[in-house]
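To start, the structure under review is shown below, and the notes come after it.
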Amino acid sequence: MCYGTSLTQELQTKELKLAESVRKACLENLQHSYEEAGISGLCHEGRWEYAIDVLRNLSMENLLKGISRPHRPSHRTP
């Protein structure tokens, strides 16, 4: 079956947007985990180990749920 160019471009655009959203969510999660580990008192190496472990165990369902709704930055108070 041959798809029109516009349909192919539309699908590629949707896939690209999804991929960009996934990358953004992963990077935000990684940064948050790294900062959280620092607050807990871990050294630089321990912070990265913690952040990578959190990323490895990231639920794909939760990731996709987070992508499907608008991002709301958290407002933390010191």
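The values are calculated or read from the model by the stated rules, or taken from the named source; none is laboratory data. Note that the coordinates shown come from a computational prediction; the quantities given were computed from them, not determined experimentally. Reconstructed Cβ throughout: ideal geometry from the backbone, glycine too, with neighbour counts over all protein chains shown.
Keeping to region 7-33, report how many residues are among the aliphatic types (A, V, I, L, M) and under 16 Å from K65 (Cβ atoms).
The number of residues fulfilling the criteria is 3.
Beta carbons closer than 8 Å, at least 6 apart along the sequence or on distinct chains, never pair a first residue in region 51-67 that is farther than 19 Å from E36 by Cα and among the hydroxyl-bearing types (S, T, Y) with a second that is surrounded by 10 or more Cβ atoms within 10 Å (Cβ to Cβ) and at pLDDT 85 or above.
Consider region 37-78 and keep the residues that are more than 16 Å from C26 (Cβ to Cβ) and of a type in the set (K, R). The one that is modelled with the highest pLDDT is R47.
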